[in-house]
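The values are calculated or read from the model by the stated rules, or taken from the named source; none is laboratory data. Keep in mind it's a predicted model, so treat the numbers as computed, not measured. Here the Cβ is made from the backbone with ideal geometry for all residues, glycine too, and neighbour counts use every protein chain on show. Keep in mind that these areas ignore ligands, DNA and RNA; they rest on the heavy atoms of the full protein, side chains included. Shrake-Rupley method; radii C 1.70, N 1.55, O 1.52, S 1.80 Å.
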Amino acid sequence: MTRPPASTADQGRPTAAPFAPAPLAAVYEVRTLRTDAEREEAAALVQNRQRWLTLRGLPVPAQADVPALFRDPQTKPAGLFEDGKLLACMIPEHDPGLSWGEGPCLFLGCVHTLPDQPDDITRLIALWASDVAARQGLPVVRAEALARHPLDADPIAALLRRLTDMGWDVRGSGTGREGDRVARLELAAEHRFGLSALIGCRVHSPETATDDRGSA
């Protein structure tokens, strides 16, 4: 059957746009901890993690009051969240003047995850940090892991094997920022297009001591 021609009024009417579903929100989010409540939650996570490590005879920092660092808004701590639940926290900094490594970097200080979390959380942090460093024009990400024993002896050896599987390079050992012996870790910066669909990012741009704070 022949369809009648559209009327003049119909021809002038705008065509309805096809339905487009709203973009899905990222599963995870890394954001600066802005409120007292968020920072207190991070401090509690750190305390729980340190207690978990101590009960298993694993090292914790000897000098720094790490929970206090997360309570301090001047440090601009950040947290990794899933559906509003804090899974990990850290203090990202831009080129903090490490005694090791050449050139500028994004430094991840005081990285703590919830006890008994899978390595996937650490892998997510590595993906996020590598992408953020690349977007800020920094060549590498650096971090330190407590290492009271030789790097080829467990438990540090097992941890380093997992980290190298995630793309980290071990740059030897030495004295860390807080005076503890640490393994020195470096991760190449890399633009990871499409990562925002998995991890949303609302973190202050890490700064050097003389920079003004901005937003990432």
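For the reader, a short list of remarks on this structure follows.
- The convex hull drawn around the Cα atoms of the range 22-62, when projected onto a plane and averaged over every direction, covers 4.7 nm².
- Amide H contacts for ARG181 (H built 1.01 Å from N in the peptide plane; partners 5 or more residues away or on another chain; cut-off under 5 Å): ALA147, GLY176.
- Carbon plus sulfur fraction of accessible area for the range 86-216, probe 1.4 Å, in percent: 48 percent
- Net length available on complete extension from ASP83 to GLU178 is 30.9 nm, with 0.36 nm assigned per residue and the Cα-Cα distance removed.
- The phi-based Karplus calculation (6.51 cos²θ - 1.76 cosθ + 1.60; θ = phi - 60°) puts the 3J(HN,Hα) values of the range 171-181 at 9, x, 9, x, 6, x, 4, 9, x, 7, 6 Hz, whole numbers, x for Gly and Pro.
- Look at the alpha carbon pairs under 8 Å that are at least 6 residues apart: their mean separation over the length of the range 41-182 gives a relative contact order of 22 percent.
- Normalised Debye scattering of the range 75-197 at q = 0.10, 0.20, 0.23 Å⁻¹ gives log10 I(q)/I(0) of -0.29, -1.25, -1.60, counting only Cα atoms as equal scatterers and leaving out solvent.
- Label-point separation, HIS204 to THR54 (7 Å along Cα→Cβ), nm: 2.9 nm
- Entry comment: accessible area of the range 51-173 is 47 Å² per residue, from protein heavy atoms only and a probe of 1.4 Å.
- Extension gain (nm, one decimal) between HIS149 and SER196, 0.36 nm per residue minus Cα-Cα: 13.1 nm
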